[in-house]
1. Select from segment 207-227 the residues that are over 20 Å from Val51 (Cα atoms), open to solvent by 30 Å² or more (accessible area, probe 1.4 Å) and without any contact (Cβ under 8 Å) to a residue 60 or more places away in the chain and list them in ascending order.
2. In this structure, does Leu158 turn out to be open to solvent by 30 Å² or more (accessible area, probe 1.4 Å) and under 23 Å from the mean Cα position of the chain (by Cα)?
3. Which residues, counting only those in segment 132-155, are loosely packed, with under 13 Cβ neighbours inside 10 Å and more than 23 Å from the chain's Cα centre (by Cα)?
4. Would you please list the contacts, defined by Cβ atoms under 8 Å and residues six or more apart or on different chains, that run from a residue in segment 228-254 that is without any contact (Cβ under 8 Å) to a residue 60 or more places away in the chain to a residue that is of a type outside the set (Gly, Ala, Ser) and open to solvent by 80 Å² or more (accessible area, probe 1.4 Å)?
5. Do you know which residues across segment 170-188 are surrounded by 15 or more Cβ atoms within 10 Å (Cβ to Cβ) and of a type outside the set (Val, Ile, Thr)?
6. Looking only at segment 110-131, filter to residues that are open to solvent by less than 10 Å² (accessible area, probe 1.4 Å) and of a type outside the set (D, E, K, R); which one of those is nearest to the ligand (Cβ to nearest atom)?
7. Please give the number of the condition Phe10 fails out of (1) open to solvent by less than 50 Å² (accessible area, probe 1.4 Å); (2) more than 25 Å from Tyr151 (Cα to Cα); (3) aromatic (Phe, Trp, Tyr); (4) within 12 Å of the chain's Cα centre (by Cα).
8. Under 8 Å between Cβ atoms, which residue pairs at least 6 apart in sequence (or on different chains) link something in segment 1-29 that is on the phi < 0 side of the Ramachandran plot with a partner that is small (Gly, Ala, Ser) and open to solvent by 60 Å² or more (accessible area, probe 1.4 Å)?
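The values are calculated or read from the model by the stated rules, or taken from the named source; none is laboratory data. In this text, all values refer to a predicted model and were calculated from it rather than measured experimentally. Here the Cβ positions follow ideal geometry from the backbone for every residue, glycine too, while neighbour counts run over all protein chains shown. Protein only, heavy atoms only, side chains kept; ligands, DNA and RNA dropped before computing areas. Shrake-Rupley method; radii C 1.70, N 1.55, O 1.52, S 1.80 Å.
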Amino acid sequence: MQGKITVRDFIKKKGKEKIAMVTAYDYAFAKLVDAAGVDAILVGDSAAMVVHGFPSTIPIDMDTMLLHVSSVARAKPRALVIGDMPFLSYEVSVEEAVRNAGLMLKAGADAVKLEGGAEQAEKIEAMVKAGIPVMGHIGLTPQRYLVLGGYRRRGKKLGEAEKIIEDAKALEEAGVFAIVIEFTAVEVAKIITEEVSIPTICIGSGPYCDGQVLVLHDLLGINEQVPPFAKKYADLHGIVIEAVKNYVMEVKNSLFPGEEHYFHMKGEDYRELVKKLGRQDEKR
Ligand code: KIV
(Lines give C-alpha, C1' and ligand atoms only; values in the text may rest on other atoms or scores of the structure.)
Protein backbone atom coordinates (compact mmCIF):
# COMPACT_ATOMS: atom_id res chain seq x y z
CA MET A 1 0.00 0.00 0.00
CA GLN A 2 1.24 3.52 -0.78
CA GLY A 3 2.05 6.06 1.95
CA LYS A 4 -0.05 8.91 3.29
CA ILE A 5 -2.70 10.11 0.84
CA THR A 6 -2.29 13.80 0.11
CA VAL A 7 -4.76 16.26 -1.37
CA ARG A 8 -2.79 15.99 -4.62
CA ASP A 9 -3.16 12.17 -4.64
CA PHE A 10 -6.87 12.61 -3.91
CA ILE A 11 -7.38 14.96 -6.88
CA LYS A 12 -5.41 12.66 -9.19
CA LYS A 13 -7.87 9.82 -8.55
CA LYS A 14 -10.53 11.59 -10.66
CA GLY A 15 -11.24 9.55 -13.76
CA LYS A 16 -8.79 6.82 -12.66
CA GLU A 17 -10.30 5.13 -9.60
CA LYS A 18 -13.39 5.60 -7.44
CA ILE A 19 -12.79 7.34 -4.11
CA ALA A 20 -14.11 5.75 -0.89
CA MET A 21 -14.67 8.18 1.97
CA VAL A 22 -16.29 7.48 5.33
CA THR A 23 -16.81 9.44 8.53
CA ALA A 24 -15.03 8.65 11.78
CA TYR A 25 -14.93 10.64 14.97
CA ASP A 26 -12.32 8.99 17.20
CA TYR A 27 -8.98 7.19 17.40
CA ALA A 28 -10.35 3.62 17.58
CA PHE A 29 -12.64 3.85 14.56
CA ALA A 30 -10.11 5.90 12.59
CA LYS A 31 -7.65 3.00 13.01
CA LEU A 32 -10.30 0.51 11.85
CA VAL A 33 -11.54 2.39 8.78
CA ASP A 34 -7.96 3.18 7.78
CA ALA A 35 -7.03 -0.50 8.04
CA ALA A 36 -10.00 -1.21 5.75
CA GLY A 37 -8.41 0.98 3.06
CA VAL A 38 -10.59 4.10 2.81
CA ASP A 39 -9.08 6.98 0.85
CA ALA A 40 -10.40 9.72 3.13
CA ILE A 41 -11.81 10.05 6.64
CA LEU A 42 -14.31 12.82 7.13
CA VAL A 43 -14.52 13.97 10.74
CA GLY A 44 -18.08 15.06 10.03
CA ASP A 45 -20.25 17.42 12.03
CA SER A 46 -22.68 14.47 11.85
CA ALA A 47 -20.89 13.66 15.14
CA ALA A 48 -23.48 16.03 16.66
CA MET A 49 -26.21 13.52 15.83
CA VAL A 50 -24.61 10.06 15.79
CA VAL A 51 -22.15 10.53 18.66
CA HIS A 52 -23.71 13.23 20.83
CA GLY A 53 -27.41 12.58 20.23
CA PHE A 54 -28.43 16.06 19.09
CA PRO A 55 -31.41 16.26 16.69
CA SER A 56 -29.36 18.18 14.07
CA THR A 57 -25.77 19.25 13.32
CA ILE A 58 -26.43 22.83 14.47
CA PRO A 59 -25.36 22.47 18.15
CA ILE A 60 -21.84 21.09 17.68
CA ASP A 61 -19.10 23.70 18.20
CA MET A 62 -15.47 24.20 17.19
CA ASP A 63 -14.00 22.88 20.45
CA THR A 64 -15.91 19.62 20.18
CA MET A 65 -14.99 19.21 16.52
CA LEU A 66 -11.32 19.90 17.29
CA LEU A 67 -11.38 17.16 19.94
CA HIS A 68 -12.81 14.70 17.38
CA VAL A 69 -10.26 15.76 14.74
CA SER A 70 -7.30 15.38 17.10
CA SER A 71 -8.58 11.98 18.24
CA VAL A 72 -8.77 10.78 14.61
CA ALA A 73 -5.39 12.34 13.75
CA ARG A 74 -3.70 10.45 16.63
CA ALA A 75 -4.52 7.24 14.75
CA LYS A 76 -2.05 8.53 12.12
CA PRO A 77 -4.23 7.31 9.25
CA ARG A 78 -2.89 6.81 5.77
CA ALA A 79 -6.22 8.24 4.57
CA LEU A 80 -6.68 11.96 4.03
CA VAL A 81 -8.28 13.46 7.16
CA ILE A 82 -10.91 16.14 6.52
CA GLY A 83 -12.24 18.24 9.39
CA ASP A 84 -15.82 19.44 8.96
CA MET A 85 -16.35 23.11 9.81
CA PRO A 86 -19.28 23.29 12.24
CA PHE A 87 -22.21 25.70 11.96
CA LEU A 88 -21.21 29.31 12.72
CA SER A 89 -17.46 28.63 12.55
CA TYR A 90 -17.17 30.15 9.03
CA GLU A 91 -20.34 32.16 8.39
CA VAL A 92 -19.64 35.35 10.34
CA SER A 93 -16.49 36.73 8.69
CA VAL A 94 -13.60 35.79 6.42
CA GLU A 95 -11.13 36.27 9.31
CA GLU A 96 -13.07 33.97 11.63
CA ALA A 97 -13.45 31.38 8.85
CA VAL A 98 -9.69 31.32 8.13
CA ARG A 99 -8.77 31.22 11.84
CA ASN A 100 -11.16 28.34 12.57
CA ALA A 101 -10.10 26.40 9.47
CA GLY A 102 -6.49 26.88 10.57
CA LEU A 103 -7.33 25.40 13.98
CA MET A 104 -8.58 22.27 12.20
CA LEU A 105 -5.14 21.84 10.59
CA LYS A 106 -3.43 22.49 13.94
CA ALA A 107 -5.59 19.72 15.43
CA GLY A 108 -4.32 17.32 12.77
CA ALA A 109 -6.70 17.59 9.80
CA ASP A 110 -5.19 17.55 6.30
CA ALA A 111 -8.06 19.62 4.91
CA VAL A 112 -11.42 21.13 5.90
CA LYS A 113 -14.95 20.86 4.50
CA LEU A 114 -17.64 23.50 4.58
CA GLU A 115 -21.21 23.68 3.36
CA GLY A 116 -22.57 26.10 0.77
CA GLY A 117 -22.12 27.29 -2.80
CA ALA A 118 -21.18 30.56 -4.50
CA GLU A 119 -21.84 32.53 -1.30
CA GLN A 120 -18.79 30.86 0.31
CA ALA A 121 -16.36 31.77 -2.49
CA GLU A 122 -14.65 34.65 -0.66
CA LYS A 123 -14.01 32.55 2.44
CA ILE A 124 -12.76 29.57 0.43
CA GLU A 125 -10.35 31.80 -1.53
CA ALA A 126 -8.99 33.24 1.72
CA MET A 127 -8.55 29.78 3.25
CA VAL A 128 -6.77 28.41 0.19
CA LYS A 129 -4.54 31.53 0.13
CA ALA A 130 -3.67 30.77 3.76
CA GLY A 131 -2.63 27.23 2.75
CA ILE A 132 -5.75 25.38 3.85
CA PRO A 133 -7.17 22.79 1.42
CA VAL A 134 -10.98 23.07 1.27
CA MET A 135 -13.64 20.55 0.26
CA GLY A 136 -17.04 21.99 -0.73
CA HIS A 137 -20.47 20.54 0.10
CA ILE A 138 -23.56 21.32 -1.98
CA GLY A 139 -27.06 19.96 -2.63
CA LEU A 140 -28.56 19.11 0.73
CA THR A 141 -26.57 21.16 3.22
CA PRO A 142 -27.76 19.92 6.62
CA GLN A 143 -26.53 23.00 8.54
CA ARG A 144 -29.13 24.96 6.51
CA TYR A 145 -32.02 22.53 6.93
CA LEU A 146 -34.16 25.25 8.50
CA VAL A 147 -34.01 27.52 5.45
CA LEU A 148 -34.15 24.57 3.03
CA GLY A 149 -37.40 23.39 4.61
CA GLY A 150 -36.01 20.15 6.04
CA TYR A 151 -33.71 17.35 4.91
CA ARG A 152 -35.29 17.16 1.48
CA ARG A 153 -34.16 15.94 -1.94
CA ARG A 154 -32.43 18.64 -3.96
CA GLY A 155 -32.24 19.42 -7.68
CA LYS A 156 -35.43 17.72 -8.82
CA LYS A 157 -36.67 20.88 -10.54
CA LEU A 158 -34.92 22.93 -13.24
CA GLY A 159 -34.24 26.10 -11.22
CA GLU A 160 -32.77 24.24 -8.26
CA ALA A 161 -30.74 21.93 -10.53
CA GLU A 162 -29.22 24.94 -12.33
CA LYS A 163 -28.39 26.64 -9.04
CA ILE A 164 -26.58 23.56 -7.71
CA ILE A 165 -24.55 23.26 -10.95
CA GLU A 166 -23.65 26.98 -10.73
CA ASP A 167 -22.60 26.48 -7.12
CA ALA A 168 -20.32 23.59 -8.06
CA LYS A 169 -18.62 25.74 -10.70
CA ALA A 170 -18.27 28.67 -8.26
CA LEU A 171 -16.66 26.35 -5.70
CA GLU A 172 -14.20 25.00 -8.26
CA GLU A 173 -13.36 28.57 -9.30
CA ALA A 174 -12.83 29.54 -5.63
CA GLY A 175 -10.25 26.77 -5.28
CA VAL A 176 -11.86 23.74 -3.56
CA PHE A 177 -10.07 20.44 -4.21
CA ALA A 178 -13.26 18.33 -4.17
CA ILE A 179 -17.03 18.69 -3.73
CA VAL A 180 -19.49 16.60 -1.70
CA ILE A 181 -22.89 16.43 -3.43
CA GLU A 182 -25.58 15.38 -0.94
CA PHE A 183 -29.12 14.04 -1.64
CA THR A 184 -29.26 15.58 -5.12
CA ALA A 185 -30.86 14.25 -8.31
CA VAL A 186 -28.55 11.79 -10.05
CA GLU A 187 -28.62 13.76 -13.34
CA VAL A 188 -27.37 16.90 -11.59
CA ALA A 189 -24.55 15.02 -9.84
CA LYS A 190 -23.55 13.43 -13.16
CA ILE A 191 -23.46 16.78 -15.00
CA ILE A 192 -21.36 18.36 -12.23
CA THR A 193 -18.95 15.41 -12.22
CA GLU A 194 -18.47 15.78 -15.97
CA GLU A 195 -18.14 19.57 -15.89
CA VAL A 196 -15.66 20.09 -13.05
CA SER A 197 -12.02 19.03 -13.07
CA ILE A 198 -11.94 18.12 -9.36
CA PRO A 199 -13.38 14.98 -7.71
CA THR A 200 -17.05 14.89 -6.72
CA ILE A 201 -18.09 12.74 -3.76
CA CYS A 202 -21.71 11.59 -3.63
CA ILE A 203 -23.94 10.84 -0.68
CA GLY A 204 -27.44 9.96 -1.81
CA SER A 205 -26.77 11.40 -5.29
CA GLY A 206 -26.13 8.30 -7.36
CA PRO A 207 -23.24 6.37 -8.89
CA TYR A 208 -21.72 8.86 -11.32
CA CYS A 209 -19.64 10.87 -8.85
CA ASP A 210 -15.91 10.25 -8.57
CA GLY A 211 -16.43 8.81 -5.10
CA GLN A 212 -18.89 8.02 -2.33
CA VAL A 213 -19.17 8.94 1.34
CA LEU A 214 -21.25 7.37 4.09
CA VAL A 215 -21.70 8.12 7.77
CA LEU A 216 -19.90 5.30 9.61
CA HIS A 217 -22.76 4.70 12.06
CA ASP A 218 -25.13 4.14 9.11
CA LEU A 219 -22.69 1.87 7.26
CA LEU A 220 -22.12 -0.26 10.38
CA GLY A 221 -25.80 -0.35 11.33
CA ILE A 222 -25.16 1.14 14.77
CA ASN A 223 -28.40 3.11 14.62
CA GLU A 224 -31.65 1.34 13.73
CA GLN A 225 -32.84 4.29 11.64
CA VAL A 226 -30.69 5.22 8.65
CA PRO A 227 -31.32 7.74 5.85
CA PRO A 228 -32.91 6.28 2.68
CA PHE A 229 -29.66 6.60 0.71
CA ALA A 230 -27.46 4.80 3.24
CA LYS A 231 -26.54 1.13 2.99
CA LYS A 232 -25.96 -0.99 6.11
CA TYR A 233 -22.93 -3.26 5.63
CA ALA A 234 -23.24 -4.73 9.14
CA ASP A 235 -25.70 -4.91 12.03
CA LEU A 236 -23.61 -3.58 14.88
CA HIS A 237 -26.81 -2.57 16.67
CA GLY A 238 -27.79 -6.22 17.01
CA ILE A 239 -24.22 -7.43 17.63
CA VAL A 240 -23.58 -4.93 20.44
CA ILE A 241 -26.91 -5.58 22.18
CA GLU A 242 -26.37 -9.35 21.96
CA ALA A 243 -22.82 -9.10 23.35
CA VAL A 244 -23.79 -6.85 26.26
CA LYS A 245 -26.86 -9.01 27.00
CA ASN A 246 -24.50 -12.02 27.31
CA TYR A 247 -22.24 -10.05 29.65
CA VAL A 248 -25.19 -9.04 31.86
CA MET A 249 -26.41 -12.66 31.95
CA GLU A 250 -22.94 -13.98 32.87
CA VAL A 251 -22.45 -11.40 35.65
CA LYS A 252 -25.92 -12.13 37.10
CA ASN A 253 -25.20 -15.87 37.03
CA SER A 254 -21.60 -15.63 38.34
CA LEU A 255 -20.24 -17.02 35.08
CA PHE A 256 -17.95 -14.02 34.54
CA PRO A 257 -15.14 -13.59 35.46
CA GLY A 258 -13.66 -17.04 34.80
CA GLU A 259 -10.35 -18.43 36.16
CA GLU A 260 -8.51 -16.89 33.20
CA HIS A 261 -9.65 -13.36 34.09
CA TYR A 262 -8.07 -13.02 37.58
CA PHE A 263 -4.99 -14.00 39.60
CA HIS A 264 -4.02 -15.23 43.10
CA MET A 265 -1.75 -13.98 45.89
CA LYS A 266 1.38 -16.01 46.57
CA GLY A 267 0.34 -19.00 48.76
CA GLU A 268 2.68 -18.17 51.64
CA ASP A 269 1.62 -14.52 51.74
CA TYR A 270 -2.03 -15.44 51.60
CA ARG A 271 -1.65 -17.83 54.55
CA GLU A 272 0.13 -15.13 56.56
CA LEU A 273 -2.54 -12.57 55.70
CA VAL A 274 -5.31 -14.92 56.77
CA LYS A 275 -3.46 -15.64 60.03
CA LYS A 276 -2.88 -11.93 60.75
CA LEU A 277 -6.55 -11.17 60.17
CA GLY A 278 -7.59 -14.08 62.37
CA ARG A 279 -9.57 -15.66 59.56
CA GLN A 280 -9.98 -19.34 58.74
CA ASP A 281 -7.50 -20.50 56.03
CA GLU A 282 -10.30 -20.63 53.46
CA LYS A 283 -9.75 -22.67 50.32
CA ARG A 284 -9.23 -20.38 47.39
O1 KIV B 1 -21.01 15.48 8.57
C2 KIV B 1 -21.08 14.58 7.72
O3 KIV B 1 -21.08 13.39 8.03
C4 KIV B 1 -21.18 14.99 6.33
C5 KIV B 1 -21.46 13.91 5.33
C6 KIV B 1 -22.91 13.61 5.36
C7 KIV B 1 -20.98 14.26 3.99
O8 KIV B 1 -21.07 16.12 6.02
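1. To start, the set of residues in segment 207-227 that are over 20 Å from Val51 (Cα atoms) comprises 207-212.
With open to solvent by 30 Å² or more (accessible area, probe 1.4 Å) added as a condition, the list becomes 207-208, 212.
Once the filter is applied, which keeps residues that are over 20 Å from Val51 (Cα atoms), open to solvent by 30 Å² or more (accessible area, probe 1.4 Å) and without any contact (Cβ under 8 Å) to a residue 60 or more places away in the chain, segment 207-227 yields Pro207, Tyr208.
2. Details: open to solvent by 30 Å² or more (accessible area, probe 1.4 Å): yes; under 23 Å from the mean Cα position of the chain (by Cα): no.
So Leu158 fails the test.
3. Hits for segment 132-155 are Val147, Gly149.
4. Matching pairs, first to second residue: His237/Glu224; Tyr247/Phe256; Met249/Leu255; Glu250/Phe256.
5. Residues of segment 170-188 that are surrounded by 15 or more Cβ atoms within 10 Å (Cβ to Cβ), as a first pass: 170-172, 174-186, 188.
Hits for segment 170-188 are Ala170, Leu171, Glu172, Ala174, Gly175, Phe177, Ala178, Glu182, Phe183, Ala185.
6. Just the residues of segment 110-131 that are open to solvent by less than 10 Å² (accessible area, probe 1.4 Å), to begin with: 111-117, 120, 124, 127.
Retained after the next criterion (residues that are of a type outside the set (D, E, K, R)): 111-112, 114, 116-117, 120, 124, 127.
On the way: Ala111: 13, Val112: 12, Leu114: 10, Gly116: 12, Gly117: 15, Gln120: 14, Ile124: 16, Met127: 17 Å.
Among those that are open to solvent by less than 10 Å² (accessible area, probe 1.4 Å) and of a type outside the set (D, E, K, R), it is Leu114.
7. Result: Phe10 passes all but (4).
8. Once the first residue is on the phi < 0 side of the Ramachandran plot and sits in segment 1-29, its partners that are small (Gly, Ala, Ser) and open to solvent by 60 Å² or more (accessible area, probe 1.4 Å) give Lys14/Ser197.
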